[in-house]
Amino acid sequence: MVEAFAVASGKGGTGKTTSTLALGMALADEYDVTVVDADTGMANLLFHAGLADVEVTLHDLLLSDADAAVEAAVYERFGMKVVPCGTSLAAFEAADPDRLRDVVASLAADTDVLLLDSPAALGSKSAVLPIVLADRVVIVLQPTIPALSDGLKVQEYARSYGTETAGVLFNKVHEEEDVDRIAEQSARYFGGPTLATIPRTDEARRARQAGEPLLAYAPESVAAGAYREAAGALEVNAGESGAVADRFKSAVIPDHP
Ligand SMILES: Nc1ncnc2c1ncn2[C@@H]1O[C@H](COP(=O)(O)OP(=O)(O)O)[C@@H](O)[C@H]1O
Ligand SMILES: [Mg+2]
């Protein structure tokens, strides 16, 4: 079985990478989880996962003359399989986004939950691909009206490729913010529930500096608990692995999204 989730948002810096790794670690208690840094132009998952110095990354798998095996870019970390992406602009430019389909198809054949840390902007082929490929999208937002409107654009976009919303994560929430009011609006417009409300916390920043996911760095924190709650609220569907892999391979990606 496998279900693929894209972790997305309208803007950068909302906490997609933090959330991808946190959800991944929480889900790994129950499932075989693979997380992929599919934000190939602004990759930063490697820094969050202590993988800044590794030799082979997703970029090496996306080169048109790639001869690296997919497994060479898969690292067992924090109870998950982690596929980091490099940060070189030259490698990003040399990468063929279409190849991500085959890489994801190959990873999907051998895991229960696939989390694709996705790009923020939706303006290019490499940016929309994770949303096109995923079964469902988890939208990461700050609890403000403008952020909701960004998130709804992501949802609208995802739906145009048949990708439904699994749920919304409110991140970097200030104590005094009126999340309930926003969550009420959110429940009305998004296709999935509010999965959790994650407080703004210094531990998230310190975890990144330490090169560890939040759930490894501060497992007892309120934020970590909220991510575990979010993972519990995500009802993972058991797609048949072969069928999912075939769908990935044959996905049609827009040239001009
Ligand atoms: N709940 C939070 N509280 C405080 N800082 C956070 C929180 N979540 C993420 N951050 C910080 O915000 C920055 C951006 O987070 P990141 O997960 O890299 O976002 P994205 O992948 O969406 O660009 C990082 O420095 C991260 O440590
Ligand atoms: Mg990121």
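What follows is calculated from the coordinates using simple rules that are stated; it is not laboratory data. Predicted model, so just to flag it, every value in this text is computed and none were measured. Cβ: placed from backbone, ideal geometry, glycine included. Neighbour counts: every protein chain shown.
Tabulated results
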quantity	calculated
Shape category assigned to segment 178-245 from the gyration tensor of Cα positions, a/c cut at 1.5	oblate
Stokes-Einstein D for segment 3-239, Kirkwood Rh over Cα pairs, 37 °C, 0.692 mPa s (µm²/s)	188
C-alpha long axis of helix 16-27 to longest principal axis of the chain, angle in °	90
Estimated [θ] at 222 nm from DSSP helical runs (n ≥ 4, -39500 (n - 2.57)) normalised by residues in the chain, nearest 500	-12000 deg cm²/dmol
Theoretical gain in end-to-end length, residue 76 to residue 189 [0.36 nm per residue, Cα-Cα removed]	36.9 nm
Net length gained if the chain between residue 30 and residue 52 were fully extended (0.36 nm per residue, minus Cα distance)	5.2 nm
Percent of alpha-carbon pairs separated by more than 17 Å within segment 87-217	66
FRET efficiency, 1/(1 + (r/R0)^6) with R0 30 Å, evaluated for residue 202 and residue 110 via beta carbons	0.25
Amide H contacts of residue 138 (H built 1.01 Å from N, under 5 Å, at least 5 apart or other chain)	6, 7, 8, 166
Debye, to nearest 20: dipole size of segment 102-234, +1 on Lys, Arg Cβ, -1 on Asp, Glu Cβ	340
Filtered trypsin sites (Lys or Arg not before Pro), segment 116-154: DSSP coil and at most 13 other beta carbons within 10 Å	none
Shape of segment 1-90, Cα gyration tensor, a/c cut at 1.5	oblate
Linear extension gain, residue 145 paired with residue 175, 0.36 nm per residue minus alpha-carbon span	9.1 nm
